[in-house]
Ligand SMILES: CC(=O)SCCNC(=O)CCNC(=O)[C@H](O)C(C)(C)COP(=O)(O)OP(=O)(O)OC[C@H]1O[C@@H](n2cnc3c(N)ncnc32)[C@H](O)[C@@H]1OP(=O)(O)O
Ligand SMILES: CC(=O)C(=O)O
């Protein structure tokens, strides 16, 4: 029952609610500027609708609507205001909340309505008939005001189980009053795909209304439930970027649109948009200030990272053997992880990724595999330390590891002072380009002092390292095995302001392990910068 003359009846809607339901996630607190920035990313990605928030519910959402239409030249999306049906016993035309929706200026309004009889009686504290009247009146009023209206039927699936006739009457009432789409909501997120398929198919059959789906992820089934609803006849999917949302989250936009485009062969995004998906997902994560999930389907950095040796050996023949799609299609890349689960193929493919053709030297590849396994047994972990792996690989390929300095000794001292403060000092004694260097550093911890001493000692000889910055530092104490002492593993990430690289060090204590990881970090950085190796 489409009432929008500009759209064919079978038009498919990708409706994003990151700025409304996504913002209901614990830990997300968006400014108006953040919301504007996310809206730009979503429009660029090509979603059809952006639900911007609840105008009138808080000053931030009201300001967002005032500014979004002025400041953003939407190319693909229409802005949607969210609100509820009018209050019981009032008139929609006089309801301040409904007026706020009109005053937002948004061309589309989503109205949340009760569709579960128990919610009407307990939460709204009104009659079933008055709830229908609230829906009828609110939708008609908004239509008279020239708005396109979608109705979100809250708790629809639970309501349908409890009282199917009432739930169906709500759908008919909303559609009859002029709602373009009636959205069936799994508000508590407890449904499973087979149930969603059954209910959506039945509602479509019984009412003929145009249906949408809004699935919360409490059972971990939001994406599957959304696709099941599409199978049942829904043509409008509500999702959020990276699955942000109330409680555990909402339906993740990215796997849904990827599935629709790549597996249902349905064009739901503008041409070329899918290849931007990984970048857009990470950009939105940056704006909401949450680290992008490494294991998110399609867009996570681990989504196409292969660790098992057997996988690598098949991928060497054809990547399709262990990948459901070509990562480039969604703007991601395949990565090979080298660890003690690697075989020859893993090392060969990793070598290729790093620019080495190892295919002709079976013995060398075998030696590298053996070395990786032996070092991982000691506590090293190369899958998160590509730079240390490359230095080790180069040592095998080129006969010796690239080297820029030789260590005579180092020491780090922590002084506990009577006032409870600590002084951290380090001294390094090095040889570089034939010169003996003694340098000291004072830092906010012993590792920082060691890093500063190393930097102070080498900076004059290798000015390139002034741009290096330690950006991440992780320590893990590894249990001793078979009666041996425990050891410490340190992973360091270093940046030169553009690229980042990670190194690993293992030692009997945290400072020794840090030293090895730091030495690799500086060595690899100088190599990357194109500096000719020159040992002490
Ligand atoms: C499933 C969802 O995620 S829906 C979206 C939920 N999002 C939010 O709630 C975020 C924004 N909300 C808010 O800022 C506030 O809750 C407001 C401004 C909307 C309302 O605030 P208040 O007026 O203080 O009311 P409060 O939040 O305590 O209760 C909500 C009221 O709306 C009523 N209500 C709930 N659903 C509906 C509905 N579909 N139609 C009409 N009224 C409704 C409740 O019965 C309650 O009425 P009462 O005040 O007579 O008890
Ligand atoms: C509308 C909505 O957010 C829900 O029912 O979960």
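Only one residue in 479, 415 is closer than 23 Å to residue 379 by Cβ, loosely packed, with under 12 Cβ neighbours inside 10 Å and assigned by TED's automatic domain parsing to the domain that holds residue 496. Which one?
Working: 415 fails: closer than 23 Å to residue 379 by Cβ.
Of the residues listed, the single one that is closer than 23 Å to residue 379 by Cβ, loosely packed, with under 12 Cβ neighbours inside 10 Å and assigned by TED's automatic domain parsing to the domain that holds residue 496 is 479.
Report the residue count in the range 259-306 for those that are in contact with a strand residue (DSSP E or B) (Cβ under 7 Å, 6 or more places away or on another chain) and either more than 20 Å from residue 222 (Cβ to Cβ) or surrounded by fewer than 16 Cβ atoms within 10 Å (Cβ to Cβ) (or both).
Qualifying residue count for the region: 3.
Residue-wise test of (1) closer than 27 Å to residue 288 by Cα; (2) under 30 Å from the mean Cα position of the chain (by Cα).
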| position | (1), (2) |
| --- | --- |
| 60 | yes, yes |
| 68 | yes, yes |
| 90 | no, no |
| 99 | no, no |
| 102 | no, no |
| 105 | yes, no |
| 124 | no, no |
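Pairs, please: C-beta under 9 Å, at least 6 apart or cross-chain, first residue touching a residue at least 60 places away in the same chain (Cβ under 8 Å) and assigned by TED's automatic domain parsing to the domain that holds residue 139 and in the range 67-92, second within 10 Å of ligand 1 (Cβ to nearest atom) and part of a loop (DSSP other than H, G, I, E, B)?
Within 9 Å, the pairs are 80/17; 80/20; 82/17; 82/20; 82/21; 82/54; 82/57.
Go through the range 117-136 and report how many residues are in contact with a helix residue (DSSP H, G or I) (Cβ under 6 Å, 6 or more places away or on another chain) and more than 11 Å from ligand 1 (Cβ to nearest atom).
Residues that pass the stated criteria total 4.
Any chance you could count how many residues in the range 249-258 are buried (at least 22 other Cβ atoms within 10 Å of the Cβ) and at positive phi?
0
Need the failing condition index for residue 497 against (1) part of a loop (DSSP other than H, G, I, E, B); (2) more than 38 Å from the chain's Cα centre (by Cα); (3) in contact (Cβ under 8 Å) with a residue 12 or more places away in the chain, just the number.
Only one criterion is unmet by residue 497, namely (2).
Tell me which residues, restricted to the range 502-536, are under 19 Å from residue 450 (Cα atoms), in contact with a helix residue (DSSP H, G or I) (Cβ under 7 Å, 6 or more places away or on another chain) and outside any helix (DSSP H, G or I).
Scanning the range 502-536 gives 502, 503, 504, 505, 506, 507.
Here are 84, 104: which of them is over 17 Å from residue 178 (Cα atoms) and buried (at least 18 other Cβ atoms within 10 Å of the Cβ)? So that I can check it myself, show each step before the final result.
Working: 84 fails: over 17 Å from residue 178 (Cα atoms).
Of 84, 104, the one residue that is over 17 Å from residue 178 (Cα atoms) and buried (at least 18 other Cβ atoms within 10 Å of the Cβ) is 104.
For residue 391, state whether it is touching a helix residue (DSSP H, G or I) at 6+ places or on another chain (Cβ under 8 Å) and in the same structural domain as residue 516 (by TED's automatic domain parsing).
For residue 391, the condition - touching a helix residue (DSSP H, G or I) at 6+ places or on another chain (Cβ under 8 Å) and in the same structural domain as residue 516 (by TED's automatic domain parsing) - is not met.
Quickly run through the range 137-153 and pick out the residues that are within 13 Å of ligand 1 (Cβ to nearest atom) and more than 39 Å from the chain's Cα centre (by Cα). Walk me through how you get there before you give the answer.
Filtering the range 137-153 down to residues within 13 Å of ligand 1 (Cβ to nearest atom) leaves 137-139, 151-153.
137 - this is the single residue of the range 137-153 that is within 13 Å of ligand 1 (Cβ to nearest atom) and more than 39 Å from the chain's Cα centre (by Cα).
The values are calculated or read from the model by the stated rules, or taken from the named source; none is laboratory data. The model shown is predicted, which means the values in this text are computed figures rather than measured ones. Cβ atoms come from the backbone with ideal geometry, glycine included; neighbour counts cover every protein chain shown.
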